[in-house]
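Values in this text are rule-based calculations from the coordinates and carry no lab data. Because the structure is predicted, anything quoted here is derived from the model rather than measured. No Cβ is skipped: glycine too gets one built from the backbone with ideal geometry, and neighbour counts run over all protein chains shown.
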Amino acid sequence: MRALDFDYMLGLVPVLLGYVPLTLGMALAGMALALVLASLLAVERVAKLPVLDPLVVLFISFFRGTPLLVQLFLFYYGLPQVMSFLTQINGVTAAIMGLTLHFSAYMAESIRAAITGVDRSQWEAAQAVGMTQSQMMARIVLPQAARIAAPTLVNYFIDMIKGTSLAFTLGVTEMMGATQKEAAGSFLYFEAFLVVALIYWIIVETLSFAQRGLEAHLNRAFTR
Amino acid sequence: MIEVNGLTKGFGQGPVLNGIDLMIEPGERIVVIGPSGTGKSTLLRCLNFLDRPEAGTIRVGDLTVDAAKATKTQILALRRRTAFVFQNYALFANKTAQENITEALVTVQKKPRAEAEARANSILREIGLEEKSDSYPAALSGGQQQRVGIGRAMALDAQLMLFDEPTSALDPEWVGEVLDLMRRVAEQHQTMLIVTHEMQFAREIADRVIFMEGGRIVEQGPPEQIFDDPQDARTRTFLRRVR
C-alpha cells in the first residue's frame, strides 16, 4: 500500500469544482423539464384519456424498464442514424434529453400517486366554485400533490445529479469526464476518483439539507 | 327563479332521487329535513352536478340544463350560478382564509386581484375573522373553517346557495356561531337551500320546509305547518324521533 498524494488531491479540487456548474446545470435543466413532462404524464394517468393513455403507459414502462445508459446511447449514437435532423445533437443536449425522459417516467408515477392522495373534498370544492378541470389541477390539486410528492422528487433529483456523470460516455467533459482525463494524465486513479466522489457527496448532502427547508415550506399550510 | 323538474338519480352509489320537482323564488329560504340516507344531500349535490343526475331539468335564471344530455359547458355554467357549503368545510388546504375567498373570484370570475381582495376583506370582517386572514385552514377551529366556507360561498354572489348539513361535523361549541352567520346571510335576501338537522334553526329561518323520505318530497309547507301540524304520517314519525 502506498500513501495518498494529498497535494495532488488538493490541487485537483479547484479543477473539478470548475465543472460543478455544468453538472448542476444539466441536472437542473433535466429536472425542470422532467417535472413538466412528469406532471403532464401523471395528469393523463389520472384522467385516463382515450388513445393517449396506452401510449403514456407504454412510455413509462419503456423508460423505467431500460437502463439510463442504454437510453443515452440510443439517443446520442442511435437516433441520428435513423433521423438525420438529429446529427447536429451535441452530448450535453442528448444527456439532458435522456435524463429528462428517463426520470420523468419515474416521477410521473410518484406524482400520480400524490394526485390521488389529495383529499376528494378538495376536488369537489374546486368544482363547486366553478373551476374548469385545468384550473382545479393547477390551482388546487397539483400544489397539494407537490407537498406529498416532494420527498420522493428530491430523491430523484439527487439521482439525476449523479446520473449526469454518465454524460461523459457521450463525450461530454463534465465533472466525471474531467476526472477521467486528469487521472489518465497522472495515473493517480484512486486519488482522482476519490476527490470526485467527495465532491458529488458534498453536493448531495447540501441538497439534503435544503430538502428539509423545502419540506418545511411546503408543510407550512398544514401545521397549526 | 329556480325550477327543478323530475330530477332523478337511480344508479350508482348512495341514495336515489325519485323525480324531484321544486320551484324556488328569489330570496326564498328553504330547509330540507328528513331521515338520513333519504336523498337530501344527494338532491343538493345533483343541483350543481357534484353528483350526476340521470334525468330531469334544472333551470337557474336563463340557464336550463337537461340532466340526460348536460354538456361540460352547461355544468360549468350551472356551478357558476350556485354556491356550495360543505359539511366538512372543504376549504382549499393550500390557501389562506383570504385566498380561499379570492380564489374563485380571480380564477373563475376573472376579477382583478385588488378587487377580489377588497371583497374578501369585507367578507372576513362580516364573518368576524379579519385577524385570521392569513391563517391556513389547518390553523382554524371547525367553526372558523365553516365560517370561511360560508364566506367563500357568499363571495360568489350566486343565485342559489346550497348548504349541505353545514353544522353536522362541528363540535357543539361551534354550532352557534355558524348558525348565527347563516342567519345574517339570510337577512341579505340570499336564496338558500339548506339541508340540516337543526330543527329549531329550521323553524326560525325557513320560508318553507321540505320533508324528504325515500328520494321523494313527502310534504312541504311553512315551518309552522310542518312542525306543528304535519299532514303525513311519515313526517310525524320523523319529527317525534328528532324531538
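The label point for A:Phe6 and the one for B:Asp180, both projected 7 Å from the Cα toward the Cβ, are 7.3 nm apart.
May I ask you to derive the FRET efficiency for B:Arg240 and B:Glu130 from their Cβ-Cβ distance with R0 = 30 Å, giving the value to the nearest 0.05? Please report the intermediate quantities before stating the final value.
Values: r = 44 Å, r/R0 = 1.46.
Rounded to the nearest 0.05, the efficiency is 0.10.
Taking each DSSP H run with n ≥ 4 as -39500 (n - 2.57) and averaging over every residue of chain B yields -11500 deg cm²/dmol at 222 nm. Close Lys pairs in chain B (alpha-carbon distance under 29 Å; sequence gap of 8 or more, or different chains): 14. For the range B:155-218 and the range A:55-97, what is the separation of their C-alpha centers, rounded to whole Å? If we compute the Cα centre of each part, the gap is 60 Å.
Its relative contact order, with pairs defined as Cα atoms under 8 Å and 6+ residues apart, puts chain B at 26 percent. Once the Cβ-Cβ distance between A:Gln81 and B:Thr73 is put in as r, and R0 is 51 Å, what FRET efficiency do you end up with, to the nearest 0.05? My answer for the efficiency is 0.55. For the range B:145-208, GluC sites (Glu not before Pro) are listed when DSSP marks them as loop and at most 16 other Cβ atoms sit within 10 Å of their Cβ; the list is empty.
Around the Cα centre of the range B:2-242, unit charges on the Cβ atoms of Lys, Arg, Asp and Glu (plus for the first two, minus for the last two) sum to a dipole of about 780 debye. Each of A:Thr152, A:Thr206, B:Thr64, A:Thr164 was scored by other Cβ atoms within 10 Å of its Cβ. Arranged with the fewest first, they read A:Thr206, B:Thr64, A:Thr152, A:Thr164.
For A:Ala197 and A:Ala32, a Förster radius of 25 Å and the Cβ-Cβ distance give a FRET efficiency of 0.45, rounded to the nearest 0.05. Packing here is the average count of other Cβ atoms within 10 Å per residue, and on that basis the peptides A:122-135, A:54-67, highest first, run A:122-135, A:54-67.
A Cβ-based charge dipole, computed about the Cα centre of chain A with Lys and Arg at +1 and Asp and Glu at -1, lands at about 620 debye. For chain A, the membrane-span-like helices by this rule, meaning whole DSSP H stretches whose C-alpha atoms cover at least 20 Å of axis and whose Kyte-Doolittle mean is 0.5 or above, are A:20-47, A:91-116, A:142-163, A:189-218; this says nothing about an actual membrane. Counting every other Cβ atom within 10 Å of each residue's Cβ, A:Met97, A:Met1 order from fewest to most as A:Met1, A:Met97. Between A:Gly171, A:Leu52, A:Val82, the Cα set farthest toward the positive side of the dipole of chain A (charges on each charged residue's Cβ, about the Cα centre) is that of A:Leu52. Phi angles of the range B:19-34 translate, via the Karplus equation with coefficients 6.51, -1.76, 1.60 and θ = phi - 60°, into HN-Hα couplings of x, 7, 10, 7, 10, 10, 7, x, x, 6, 10, 10, 10, 9, 10, x Hz per residue; Gly and Pro are given as x. Peptide B:95-103 has a mean of 2 when you count, residue by residue, the C-beta atoms of other protein chains within 10 Å of its C-beta. Note on the protein assembly as shown: with charges restricted to the Cβ of Lys and Arg (+1) and Asp and Glu (-1), its dipole about the Cα centre is near 640 debye. Per-residue Karplus couplings for the range A:72-86, computed as 6.51 cos²θ - 1.76 cosθ + 1.60 with θ equal to phi - 60°, are listed in order as 4, 4, 4, 6, 7, 9, x, 4, x, 5, 9, 10, 5, 5, 8 Hz, Gly and Pro entered as x.
Annotation: extensible slack from A:Ser61 through A:Ser186 equals 40.7 nm (criterion: 0.36 nm per residue apart, minus Cα-Cα distance).
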